Amino acid sequence: MAVAELWETLKQAIVAYTGLSPAAFFTAVAVAAALYHVVSGLFAAPPPPPPRPREEPEAEPLPPPVQMGEVSEEELHQYDGSDPKKPLLMAIKGQIYDVSQSRMFYGPGGPYALFAGKDASRALAKMSFEPQDLTGDISGLGPFELDALQDWEYKFMSKYVKVGTVLKMAIPQAQLPLKPVRPQPRHQQLKRS
C-alpha cells in the first residue's frame, strides 16, 4: 500500500512540475539519455591502436669517448664524421670535444656538419657558416663575439666530453718579421700618391 501511495504522489508531482504525463516524462528521459550516449560517443577519443612489433633495429650505444691528447689540425680533420667508425670531434678555443652523441647535428648532412673535424671557434663566435671563418684564430674579434664564443664553450663543456687539445704549430724564428708592420695613417698615404 505504501508503494501505491508513493506512485500516486510521484505521478502528481511529475504532472505538476513538468506538465507532462508520466509516460511522456519517462519517454523524454529515455530519449535524452540515449541522445547523450550517442553524442558523447562521437567526441570520445578513439581507442589506441594495438602495438606493432618493432622492425627497426635498436641503435647501437655509442662507444665511450677516447682521449686523444694533443692532435694536429690535419689529424682533427679525420674525425669529421665521414668515417662512421671514428668518433665525431670538434674543437673550440683549442679544446677538442667528442660530439658523437649529436651526430644528427654535426655529422654528414647535419646543419652544423661543416664544424666537425675543425676548430670552429671563429665561426661560432661570429655565428658564421662562411668557410673562411672555420678556424681557431679568434684574433680581432669584438667583445660581443668573444662573449658568444664563451657561451658556446660553456655549452660544450657541460654537454660533451673533452678528449684532447689542438696542437699549435710554432712559427720558426726565421719566418717571424723583424719588426712589426704598422699601417700608415690615411693622410700620410694620400701625400705619397
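The values are calculated or read from the model by the stated rules, or taken from the named source; none is laboratory data. Not measured: the values here are computed from a predicted model. As a convention, Cβ positions derive from the backbone with ideal geometry for all residues, glycine included, and neighbour counts pool all protein chains shown. Accessible surface areas use protein heavy atoms only, side chains included; no ligands, DNA or RNA. Shrake-Rupley method; radii C 1.70, N 1.55, O 1.52, S 1.80 Å.
Numbers for the structure displayed
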| quantity | calculated |
| --- | --- |
| Residue satisfying condition, being under 25 Å from TYR112 (Cβ atoms) and either modelled with pLDDT under 85 or acidic (Asp, Glu) (or both), within set GLU8, GLU74 | GLU74 |
| Residue among PHE129, PHE105, PHE43 that is among the aromatic types (Phe, Trp, Tyr), over 20 Å from the mean Cα position of the chain (by Cα) and open to solvent by 60 Å² or more (accessible area, probe 1.4 Å) | PHE43 |
| Segments classed as helices (runs of 4 or more DSSP H), wholly inside the stretch 95-167, with at least 3 members that are closer than 26 Å to LEU62 by Cα and touching a residue at least 40 places away in the same chain (Cβ under 8 Å) | 143-159 |
| Some residue of the stretch 155-163 being hydroxyl-bearing (Ser, Thr, Tyr) and surrounded by 12 or more Cβ atoms within 10 Å (Cβ to Cβ) | yes |
| Subset of the stretch 109-133 [farther than 19 Å from PRO87 by Cβ and either modelled with pLDDT under 90 or not aliphatic (A, V, I, L, M) (or both)] | PRO111, SER121, ARG122, LYS126, SER128, PHE129, GLU130, PRO131, GLN132, ASP133 |
| Test set (1) surrounded by fewer than 17 Cβ atoms within 10 Å (Cβ to Cβ); (2) touching a strand residue (DSSP E or B) at 6+ places or on another chain (Cβ under 9 Å) - ASP147 fails condition number | (2) |
| Matching option when the condition is out of contact with any Leu (no Cβ under 6 Å at 6 or more places or on another chain) and on the phi > 0 side of the Ramachandran plot, among LYS126, LYS93 | LYS93 |
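Table: residues versus (1) farther than 30 Å from LEU134 by Cα; (2) open to solvent by less than 70 Å² (accessible area, probe 1.4 Å).
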{"residue": "GLY19", "(1), (2)": "yes, yes"}
{"residue": "PRO50", "(1), (2)": "yes, no"}
{"residue": "GLU70", "(1), (2)": "no, no"}
{"residue": "LYS86", "(1), (2)": "no, yes"}
